[in-house]
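Below: the structure, in structure tokens.
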Amino acid sequence: MMDMNAQRYDGYATGHPEGLHGIEARRERPPYVVEAAYEPGIDERINGGVNQFAVHEPHLMNQHYLGRPIPGGWPTEIPQHHQPIEAHEPRQNQNEGERPQQHPMQRRRKLPGIEIKEQLQQLRAANEALQIANRALQIDARRHKRELFESWKSAGEFNKAGKYYEDLLAHDLIEDAGAEIVTILDLKQSYVDMLIKQGGRFEEAVGLAEEVWGKRKAADPVSGPVSDMSKESHRHLCSIYASLKRPDEVERMHKLAYEGYKGRDDAWALENGDECCKQLAEQQKYEEALLMQANVWSEREKTAIDGPSRLNAIKSGKSRISLLERFSVFLADQDESVSQKILRRSKKELCEQEIDQALQCIWDTAGSPETEIEILDVGHRLGARLLAGERFSEAEVVLGQVWQRRKLATNETDPQAMSAGRLLAAAVKLQGSTEYQRAVTIYRQIWNNYKTVFGQGNDETIAVGKHLAATLYLLGQCSGDGGAEEIYGWVLEQIELKSRQNTSAAIAARFDLGQAMYRQGHAKYDKATGLLQTVYDQWYKTPPHPAGIGECGHMLVEMYKQQKAVEPLKALFDGRKRLETKDMLYMESGYAYGTILVEQENHELARETMRSLWEYDRAVKKEKEFRVRCGRLYGQILLKLKEYNLAQVILQAVLKAQSGVFETGTPEFNKVSALLVEAQQAISARTILKPRDKNIRAGAKPKKHANGK
């Protein structure tokens, strides 16, 4: 029996507890099956790895895989240790000093047990390398699929992107549970975003979005800011709820975030506060929304110093202003009892005051590069409100600053800058005739900029041109280059080029052009009458008649009266007479028509015309004036026809009617008195005539008296 030292040496040399004798005794088993020298089951895993490589992956037989070195290289044949141990003995016939040819994985050894252990370690390392390589291949394949999913999604090819999503979700899982959750959540969140963009798939998206949001929320730390991915999933879910017409859910989500994240992530909490206010307003819960919005704005103002915080505070203030404006409109539209209307009216007035105060508060904020545009937007709205409230000088100050600062921030052709310039010109113009020329200067500059940026036929360009022409008309600058007539002609040309139809805009443009021609006097009457008569006829045949038809008719009456045009005046008067409701133009056209008839000594026709006008009694002062004039002319015609008694009656009524219309002692007042005296004298003269004189007037010979006289 072997002594203890030999046994220890035997065991040490072989690396096996049974020693060399134990190995020799078990030689019938394969030399690599040494259960005590490696993990149980290593044979199957090693063989599986080698066979998998040798049979299924022949193209990977090289020293590197995906750029990664593999220890010892891949085995290309069955290792020598699969042969009997005797096969590993060096050949005796080799030359001295010559090393035997060995497999790369084979190590020089003296004892078989050591060789087996080393070879098993090498096989284990090769198997691990193979697993790493396979895992790297899976990761690269997953990464490639994910890139394809995102690419098709960005390209709008949602069906193709959906196929990659299903494939990724079904096959490519990660062994690390934490990494798997994060990666799958990212994928699902991106898929939710795709469903939202695709539209119409909100029912499909809502369940997945709720799952993602729940897991994101659970994964967030208890304290500290909320992760960006969690915020994005929250926004996705709110967007889906809104699309599904579930406002209560949207309100709940935002309110919980607003109340739950205060002190932990204030920026996120305040963002949700703003959104919650908008949602409350959508449900017409205006007073609750205004209360919350006041708190949000106040909290933002406390922390607003400069940069993003100041910008967010300004945006929150603008949201409050928009909310107040909506509430004001809502209050005005309600149809309720008198007491409720009074209450709502007072609330509306308070809203309007608070809007102005909020706008002024933000406008007074010191500007910075980050906040300048937002502040200018507020100044623009403030100036527009001041203009609408007829506070023209205040509006000019605000809008003038907005215009200049807009031009510095961008340039003078920026649309917002040009819009501010338009409002500024209007504020200047409305301050009175002394400011018309300044308004023209601003309008002309803005008009040229609009033509440069938007072109000749743009609606805004045409509108500014009309404002410029109207201001020139008020200044009396109608003729010449750049005058009102030229610009109104340009406006009409552009409108006709755009529509090529007889639209209401084209008719209105013809009216403006005809008005500018009328303003230039008798030299332009021929063109003006043709243009305005066309406009009048088009307006007249399409009731309800626009407000401008009266002014159009007035200009036609004046021009026809100057031209002594009886027939056009008669047509105009007859048309007004056929209307159920008479108006000022009826009186005016009839008076002009009757005046020309009198001048042409057509007294019978003039008499009937004036009689109908005198009998038309109206309470409107301007129409009363024309009625008095028509009555006076009626009395004058009766005197011409020697109907003195009727003339006296009419003129007495006219004299009474003109009290309160014309002042006593004025030429208009005295004309009636003079005609009445003439009528009375004619009647008196007829009354005191003697019978002899009557016979003489009748052509009879005078009779002699008895005394021969």
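The values are calculated or read from the model by the stated rules, or taken from the named source; none is laboratory data. Everything numeric in this text was worked out from a predicted model, so none of it was measured. Every residue, glycine as well, gets a Cβ built from its backbone with ideal geometry; the counts of neighbours run over all protein chains shown.
Figures for the structure shown
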read-out: Residue in the range 612-631 that is surrounded by 22 or more Cβ atoms within 10 Å (Cβ to Cβ), of a type in the set (S, T, N, Q) and at pLDDT below 95 present; value: no
read-out: Segments classed as helices (runs of 4 or more DSSP H), wholly inside the range 143-245, with at least 3 members that are modelled with pLDDT under 80; value: 158-171, 177-198
read-out: Residue that is surrounded by the most Cβ atoms within 10 Å (Cβ to Cβ), among those in the range 337-362 that are of a type outside the set (Lys, Arg) and over 24 Å from His380 (Cβ atoms); value: Leu343
read-out: Residue count for the range 615-643, restricted to those that are farther than 24 Å from Cys552 by Cα and either within 57 Å of the chain's Cα centre (by Cα) or not in a loop (DSSP other than H, G, I, E, B) (or both); value: 11
read-out: The range 520-558, residues that are closer than 19 Å to Ala592 by Cβ and of a type in the set (D, E, K, R); value: Asp526, Asp537, Glu551, Glu558
read-out: Selected residue (only one of Thr441, Thr452 is in a helix (DSSP H, G or I) and modelled with pLDDT under 95); value: Thr452
read-out: Tally, over the range 366-400, of residues that are in contact (Cβ under 8 Å) with a residue 24 or more places away in the chain, not charged (D, E, K, R) and not in a helix (DSSP H, G or I); value: 3
read-out: Residue within the range 110-128 that is within 60 Å of the chain's Cα centre (by Cα) and more than 21 Å from Leu185 (Cα to Cα) present; value: no
read-out: Test: Val672 is among the aliphatic types (A, V, I, L, M), closer than 20 Å to Glu558 by Cα and not in a loop (DSSP other than H, G, I, E, B); value: no
read-out: Every residue from the range 125-164 that is small (Gly, Ala, Ser) and under 23 Å from Ala205 (Cβ atoms); value: Ser151, Ser154, Ala155, Gly156, Ala161, Gly162
read-out: Filter result for Thr581 (surrounded by fewer than 16 Cβ atoms within 10 Å (Cβ to Cβ) and either of a type in the set (Ser, Thr, Tyr) or under 30 Å from Ala516 (Cβ atoms) (or both)); value: yes
read-out: Residue in the range 503-524 that is at pLDDT below 95 and farther than 25 Å from Glu486 by Cβ present; value: no
